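The values are calculated or read from the model by the stated rules, or taken from the named source; none is laboratory data. No experiment lies behind these values; they were computed from the predicted model shown. Ideal geometry is used to build each Cβ from the backbone, glycine not excepted, and the neighbour counts take in all protein chains shown. Surface accessibility is based on the protein's heavy atoms, side chains included, excluding ligands, DNA and RNA. Shrake-Rupley method; radii C 1.70, N 1.55, O 1.52, S 1.80 Å.
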Amino acid sequence: MGMEKKYSYSFITTWKIKADLPRVWEVLYNQEAWPGWWKGVKKVEALQEGDSGHIGKKMRYTWKSLLPYTLSFDMTSVHIIPHSYMEGHASGELEGVGKWYFNEAQGVTTIQYSWEVNTTKKWMNLLTPVLKPAFKWNHDVVMRWGAAGLAKKLNAELLQA
């Protein structure tokens with residue numbers, strides 16, 4: 001009966017950037033260009049096209065961070081509200097749900113990212129009890145790189161990362 005899936009990792013990241021929402025949205029929405037500005041994103045490749053609103057679009061992301069491993073996973077778009085919300089479901093070496101929320105006030109765009117995932121790599125699962133703090137730290141580093149890269153790409157001031 002309606003059992004909610006439990007995820008090993010639950011991250012909430014908030015970025016505030018002094019830039020108008022349509023510009024911020026455009027850069028984050030164009031995920032295939034992320035490797036050009038987001039340190040840690042090694043590759044983003046389209047696996048399947050979605051419908052006219054990109055629902056069902058499937059992308060493969062390959063990430064490399066400070067820790068000595070790469071992660072690849074596929075993300076399928078399941079819900080998009082332009083300039084407001086993006087949701088994708090991950091499968092592969094990470095599985096779970098990623099949600100981007102956007103809003104703007106007084107010329108400052110706030111982006112909140114919610115990432116609820118499980119690892120599927122056997123070594124990661126075995127070491128989760130010990131390495132969970134390192135995995136969390138690693139996620140935070142990669143997200144700070146994203147905030148800094150976004151601000152630089154938009155030539156905008158980063159207020160919070």
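For this structure, a couple of remarks:
- Subtracting the Cα-Cα distance of Lys43 and Leu67 from their residue separation scaled by 0.36 nm leaves 6.9 nm.
- In degrees, nearest ten, helix 122-154 long axis to first principal axis of the chain (Cα): 10
- Surface accessible to a 1.4 Å probe, per residue, for the residues of region 1-128, Å²: 53
- In region 6-123, a dipole from Cβ-located charges (positive for Lys and Arg, negative for Asp and Glu) runs towards its positive end, and of Trp100, Trp25, Pro68 it is Pro68 whose Cα lies farthest in that direction.
- Within straight-line cross-link reach of Lys121, lysines at Cα separation under 26 Å, skipping those fewer than 8 residues along the same chain: Lys5, Lys6, Lys39, Lys42, Lys43, Lys57, Lys58, Lys64, Lys99, Lys132, Lys136
- Between Glu32 and Leu127, full extension at 0.36 nm per residue minus the direct alpha carbon distance yields a gain of 31.1 nm.
- Solvent accessible area, Å² - Met86, 1.4 Å probe, full protein context: 10
- Share of carbon and sulfur in the accessible heavy-atom surface of region 40-161 [1.4 Å probe, %]: 54
- For the chain, the dipole from Cβ point charges (+1 on Lys and Arg, -1 on Asp and Glu) about the Cα centre works out to 600 debye, to the nearest 20.
- If you sort the three axes of the alpha carbon gyration tensor as a ≥ b ≥ c, you get a/c of 1.5 or more for region 81-146 and a/b no higher than b/c, which makes it oblate.
- Potential lengthening of the chain between Ser52 and Tyr9 amounts to 12.3 nm, from the contour at 0.36 nm per residue minus the alpha-carbon distance.
- Förster-model FRET efficiency, 30 Å R0, Lys18 and Ser91, C-beta, rounded to 0.05: 0.25
- Three-way shape call for region 1-90 based on the alpha-carbon gyration tensor, with the a/c threshold at 1.5: rounded
- Global geometry of the chain, whether rounded, prolate or oblate, following the gyration tensor of its Cα atoms and the 1.5 cut on a/c: prolate
- Here's the list of aspartates and glutamates a cross-link from Lys16 could span, going by alpha-carbon distance under 13 Å and ignoring same-chain residues fewer than 8 apart: Glu104, Glu157.
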